[in-house]
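S.K.: Provided herewith is a single structure, encoded as structure tokens, for subsequent inquiry.
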Number of protein chains: 2
Amino acid sequence: MSEERYAGIDLGGTKILVLITDAQGSVLGEERVPTLAAQGPDAVIARISEAVRAAAAHARVAVPEIRAAGVSAPGPINSAEGDITDPPNLPGWHNVRLARVLHEQLGVPAVLENDANCACVGEHQFGAGRGYRHMLYVTISTGIGGGVIVDDTLYVGASGAAGEVGHMGVAMSGPTCGAGHVGCLEAFASGTAIARRAREMIAAGGLPGTARLAEHDPPLSARTVYLAGQQGEAEAAAIITEAGRYLGIGLASMINAFNPQAIVLGGGLMNMGDALLGPAIEVARTRSFAQSFMDVRIVESELGDNAAALGAVAVARSRHAAGPAGAAQATEAPPERR
Amino acid sequence: MSEERYAGIDLGGTKILVLITDAQGSVLGEERVPTLAAQGPDAVIARISEAVRAAAAHARVAVPEIRAAGVSAPGPINSAEGDITDPPNLPGWHNVRLARVLHEQLGVPAVLENDANCACVGEHQFGAGRGYRHMLYVTISTGIGGGVIVDDTLYVGASGAAGEVGHMGVAMSGPTCGAGHVGCLEAFASGTAIARRAREMIAAGGLPGTARLAEHDPPLSARTVYLAGQQGEAEAAAIITEAGRYLGIGLASMINAFNPQAIVLGGGLMNMGDALLGPAIEVARTRSFAQSFMDVRIVESELGDNAAALGAVAVARSRHAAGPAGAAQATEAPPERR
């Protein structure tokens, strides 16, 4: 079955990545194009189709040879129907039948899953989560998202929304996250939270080093705060430490509730290394059951920017595996909920 | 298969409950005896065997007719081996091969699962959780425990410790739970936490109504605080409200991470009704994703004190279901991990 070919599509707010792979996730060809979301769904979907054709050409694969296409998209989505419902990152998109339209344009069955779940499946199938039967994936970036693998299968819950570990509560009061929840992990430990805290302190006359860095290389971001801390500004370093400690509370909640074999950490803030992860793991250790903490490997993602597209391949593969007749993948029925 | 008979055994710190049931969990006979844990494992296991024989006699069932016995015991346990490892509620017990010894004494295969997981399975199979494919169970009592049902199956995680939802973190600082974790749900919202907070306030000269009630009907418990609040002591009512709000943070974490169809709430503190659950559900609502909150039914347990024993029946049934030869249940091999 080494002849099986898949397309993995990562539809982001600013760019689209298409990978053509074999069934083992080896990349045979790729294409990157801008999303230009403001042009509306029709133009963007046409651009996705064109990028799939281009990536297939790079891979010397004829489009009809592609067994299935998987699409990773910002949530919320309706995975069962293959529809994008109301993504905050794609303004003006509302109930777009993405999987169905792609199927029509490419003649290839398409399935849809949200981006954090795709990255989770990607790391589990092809990356740092390989071999772990029960696994969590957490991406720490401007927001905090995640996914859950139970018994080697993506666990999506009642309506596909499971794995929102960034919105576990970590405090009674405090800042509000992008989704409007007071005191959740994302409100304390995301890149957005770190930058907001720094802006507050600068407005109050503090963090001169961070302010200077942001002036030279705007805008002020979590990375600015991290760099200022590395350059010796103690109050900037303390912001990163505090975010790490809240991340540790979240990790402890995950460890105690899920008793996973692994937690794979991805997202841009992983570049902060021990400055963030040191305090996180220390707090997680002291607030987890000893055996459960020993059971879990906390590891960094291996797939980087390819995680979501490769996970989309794995989702497409699992829903359109080679059957005896090979006919199932040509049906127009919507993909089944997993 | 209406002739299948099971024994469900709830081994608690102070009492032992044995139920003889059919495969549908209908109780045919029962027996209650004191645990007297200080007498040591041998005496307690002999008392369990005697109670099984007595309950079977009440049910007019011959002991060899019992297909399997399930035992609910305080954790931590080794479910795969059927051993009790080091339960804080059974002082002096250490690596007791409970399932194996019961098998020898009764001639009936025995399986072991921790008490919160058993109550979870009981509610899912026979109680308030019937029909929900993805479900959480939370018991709020002196401590806070729980269990997780994924795809109609008990989810136990890497080493059987999943579902410790009482130890999800809800604050950076604050009191410590019985397991030594700072700032977890149990440290804020358990019966122990409520009573401790009241004692602190009485020591500081507050809560005269609660203090008076505790004097008339010692010891001071969470129930004392609740009753004082019901009788008009505002500060006592505020303690219950605050515990409920922390419970709400925990519920929101569960809803966002698991997107379950139901959360079944059990344990002694359910007697507080809306005084505890009102603020809990309000906080859970404002801190959960709207769709996930709409997906979940938050319901009270239906099985009361029988939950753990009935869940032990369900665990025994699932591991010793009628096979074609009927021989499997006579093997001496340890029960398999689920």
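S.K.: Which of (1) surrounded by fewer than 24 Cβ atoms within 10 Å (Cβ to Cβ); (2) in contact with a Pro (Cβ under 9 Å, 6 or more places away or on another chain); (3) among the aliphatic types (A, V, I, L, M); (4) part of a loop (DSSP other than H, G, I, E, B) does B:I202 not meet, given it meets every other one?
M.R.: If we test B:I202 against (1) surrounded by fewer than 24 Cβ atoms within 10 Å (Cβ to Cβ); (2) in contact with a Pro (Cβ under 9 Å, 6 or more places away or on another chain); (3) among the aliphatic types (A, V, I, L, M); (4) part of a loop (DSSP other than H, G, I, E, B), just (4) comes out false.
S.K.: Can you tell me which residue among B:A46, B:A38, B:A59, B:A7 is crowded, with 17+ Cβ neighbours inside 10 Å and over 16 Å from B:A314 (Cβ atoms)? Before you say what the answer is, go through the steps one by one.
M.R.: On the way: B:A46 fails: crowded, with 17+ Cβ neighbours inside 10 Å; B:A38 fails: crowded, with 17+ Cβ neighbours inside 10 Å; B:A7 fails: over 16 Å from B:A314 (Cβ atoms).
When all the criteria are applied, what remains is B:A59.
S.K.: Another one. Of everything in segment A:268-305 that's assigned to a loop (DSSP other than H, G, I, E, B), surrounded by fewer than 24 Cβ atoms within 10 Å (Cβ to Cβ) and touching a residue at least 40 places away in the same chain (Cβ under 8 Å), which residue is farthest from the other protein chains (Cβ to nearest Cβ)? If you could, list the steps in order and put the result at the bottom.
M.R.: Residues of segment A:268-305 that are assigned to a loop (DSSP other than H, G, I, E, B), as a first pass: A:273, A:287-289, A:296, A:301-303.
Now drop any that are not surrounded by fewer than 24 Cβ atoms within 10 Å (Cβ to Cβ), which leaves A:273, A:289, A:301-303.
With the extra rule that they be touching a residue at least 40 places away in the same chain (Cβ under 8 Å), the set shrinks to A:301-303.
Numbers: A:S301: 19, A:E302: 21, A:L303: 23 Å.
Top of the filtered list is A:L303.
S.K.: Please verify whether B:I249 is of a type in the set (A, V, I, L, M), touching a strand residue (DSSP E or B) at 6+ places or on another chain (Cβ under 9 Å), over 15 Å from B:I144 (Cβ atoms) and not assigned by TED's automatic domain parsing to the domain that holds B:L102, treating the condition exactly as stated.
M.R.: On the way: of a type in the set (A, V, I, L, M): yes; touching a strand residue (DSSP E or B) at 6+ places or on another chain (Cβ under 9 Å): yes; over 15 Å from B:I144 (Cβ atoms): no; not assigned by TED's automatic domain parsing to the domain that holds B:L102: yes.
No, not satisfied.
S.K.: Kindly establish whether A:V111 is of a type in the set (V, I, T), assigned by TED's automatic domain parsing to the domain that holds A:F258 and touching a strand residue (DSSP E or B) at 6+ places or on another chain (Cβ under 7 Å). Walk me through it before giving the result.
M.R.: Values: of a type in the set (V, I, T): yes; assigned by TED's automatic domain parsing to the domain that holds A:F258: no; touching a strand residue (DSSP E or B) at 6+ places or on another chain (Cβ under 7 Å): yes.
Judged against the criteria, A:V111 is not a match.
S.K.: Looking for something touching a residue at least 60 places away in the same chain (Cβ under 8 Å), closer than 23 Å to B:G146 by Cα, in a strand (DSSP E or B) and touching a helix residue (DSSP H, G or I) at 6+ places or on another chain (Cβ under 6 Å) - is there at least one such residue anywhere in segment B:89-109?
M.R.: Checked against the condition, which is being touching a residue at least 60 places away in the same chain (Cβ under 8 Å), closer than 23 Å to B:G146 by Cα, in a strand (DSSP E or B) and touching a helix residue (DSSP H, G or I) at 6+ places or on another chain (Cβ under 6 Å), segment B:89-109 yields no hits at all.
S.K.: Right, something else. So in segment B:157-178, with the set limited to residues that are touching an Asp or Glu at 6+ places or on another chain (Cβ under 9 Å) and more than 7 Å from every other protein chain (Cβ to nearest Cβ), which one is surrounded by the fewest Cβ atoms within 10 Å (Cβ to Cβ)?
M.R.: Per the stated criteria, the residue is B:G178.
S.K.: Pull up segment A:130-142, narrow it to residues that are buried (at least 21 other Cβ atoms within 10 Å of the Cβ) and more than 7 Å from chain B (Cβ to nearest Cβ), then point me to the one that is farthest from A:I194 (Cα to Cα).
M.R.: Of the residues in segment A:130-142, the ones buried (at least 21 other Cβ atoms within 10 Å of the Cβ) are A:132, A:134-140.
With the extra rule that they be more than 7 Å from chain B (Cβ to nearest Cβ), the set shrinks to A:132, A:135-140.
Details: A:Y132: 31, A:M135: 27, A:L136: 23, A:Y137: 21, A:V138: 17, A:T139: 15, A:I140: 11 Å.
Filtering first and then ranking leaves A:Y132.
S.K.: Something else about it: Let me confirm something: among A:A193, A:A179, A:A162, which residue is in contact (Cβ under 8 Å) with a residue 12 or more places away in the chain and in a helix (DSSP H, G or I)?
M.R.: Working: A:A179 fails: in a helix (DSSP H, G or I); A:A162 fails: in a helix (DSSP H, G or I).
So the residue among A:A193, A:A179, A:A162 that is in contact (Cβ under 8 Å) with a residue 12 or more places away in the chain and in a helix (DSSP H, G or I) is A:A193.
The values are calculated or read from the model by the stated rules, or taken from the named source; none is laboratory data. Quick caveat, the model's predicted, so the values are computed rather than measured. Cβ: placed from backbone, ideal geometry, glycine included. Neighbour counts: every protein chain shown.
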